[in-house]
Amino acid sequence: MSLPKEPRQKMINVMYLVLTALLALNVSSEILNAFKTVNRSLINSNNIIDKKDQTIFTSFEEMLKKPETHDSAAAWKPKADLAKKYSDDVSAYLEDLKNKLIDHSKPEKGPDGKIIKYSYDNLDASHMLVEGPEGEKAGAELLEKLTQYKENLLKIDPEIKEKFENELPLDLTVPESLNKSGKVMPWAYTYFHMTPTVAAVTILSKFQNDIKNSEATVVDFCIKKVGSVKIVFDQFQAIASQSSEYLMPGQELKITGGVGAFSSAAKPSVTIDGSSVALNAEGVAEYKTTVSSPGSYSKKVRIDFKKPNGQTGTLEKEIKYVVGSPTGASVSADATKIFYIGLPNPISVSGGAKGDEATTISLDNGSATKTGPGKYDVSVTGGTECNVTVTVDGKSTPFKFRVKPIPDPVAKVGSSKGGKISANNFKSQMGLRAELENFIFEGVKYTITSYTLYATGKGFTENPGAAQNVGAIFGADAKKVIDRCVNGTTVTFDDIKAVGPDGRTRTLPLIGFNLTN
């Protein structure tokens, strides 16, 4: 195997040489797991691209309804539809090939015939694409399908061909690979010869990712020929309200949250005390709880939504209410009716008609430090509930609090947590950071400890770029991958680890970015 000059490609080619040498000794689980991780990230990246394209096609439908954009949309939408059809057809063909590879690997099946797991290290499965007349025919057919797809995409419109003839993410250049006789081997042989099933499946996922990126490139070009993507506001509802401001124990409190106008294609996000609340069919978030312990309480409602100009709007409102007490004593959380593990939770305690000197408190799960008259910081280390008992002149009243861990933060690059971002902006960032959004306590910090970066699409057409990173700042390996990123690259961060003030290590959800001009 000849080694190219590019360091990353050298490393990947050497990896395949080492992999082949290890096959006789059984492939290590670490190598197989690496392929599994890359394959999972490619699939997640494809889902991100699909969601973006769905927004574009919805915008096309709205442009067809408007007189000022109808003619242009009518001319370009069929071309975008054709690009999607070509991509769906080839992607389905590749998915069928992946299933056949898995079926050839002698998988373990359940009573219903469904595959439970397959042999990741099986070498016989990939023979179906390279060995014998049938294998050579299947490999040649794969290359023909991919080549025809690329040609079809460029034939959709002369402007598309002129713009993307040399820029589509799908690159079918044959890697240099010579056998012992010095002859150039068939295209499929260079990818699938002596390849474990999981690696072969990953390679096919890589081609699916190239196809999705190529489709997205053409579809985005088509919509720009008509105008910018629009968010259509088509439903209306009240903002935020509560059923009552004063209740007695056992009564129900209902909070209704929504926005004045929103798009059914981009519904608002509603959180109450940092927890997400689902929307009903009318686009309204309804939160219900039965109040119990006496005291003064508040619920913080936050609503994020898209404005007509495409910008994100935010509405924040504090809902306050009081639960009556027969003794007159009360205790309220200065933040909310929740104690968070690992944080000093401030509360205010009142003895009603009696003064602070006649009031004492006790906890059944945690400890309290007095910080001033009627003021305490409560610390809890676990459990799901904590009862604060207030005693005034020998009479005790319990106040129940929920105990929760601090919520997971959101991973971000700069101010973005995924989606489209300019390549220059992305490459100017120093690393990954974790931000705790919509949390009632201010100043709670999380530290990124590690993550894995993957790059596919433009600039990574033969093999995806990958780097494991320790810490938040991009290390040397990550920078090498990022330096190769260009317009059309898809970058995914996976297996993101972060540590908060409670000392727990969290695994954060994957985030992905589509780099643009």
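Just so you know, all these numbers are worked out from the coordinates, no wet-lab data involved. Nothing here was measured: the structure is a model prediction, and the numbers come from that model. As a convention, Cβ positions derive from the backbone with ideal geometry for all residues, glycine included, and neighbour counts pool all protein chains shown.
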Note: probe point = Cα of Asn44 + 7 Å toward Cβ; backbone nitrogen < 13 Å; residues of the range 502-517 passing the test are 507-513
Projected convex hull area of the range 410-516, Cα atoms, direction-averaged, in nm², equals 6.4 nm²
Counting only backbone N atoms under 20 Å from a point 7 Å out along Cα-to-Cβ of Lys36, the residues of the range 84-116 in range are 98-110, 114-116
Packing-ranked peptide list from 338-345, 389-396, 205-212, highest mean Cβ count within 10 angstrom first, is 205-212, 338-345, 389-396
For Gly313, the residues 5 or more places away or on another chain with a placed amide H closer than 5 Å to its own amide H are Phe305, Lys306, Lys307
Between the alpha carbon centres of the range 424-438 and the range 137-155 the gap in Å comes to 38 Å
For the table Lys161/Lys225; Lys412/Lys445; Lys117/Lys212; Lys155/Lys225; Lys300/Lys420; Lys299/Lys497, the rows whose alpha-carbon distance is greater than 22 Å are Lys117/Lys212; Lys300/Lys420; Lys299/Lys497
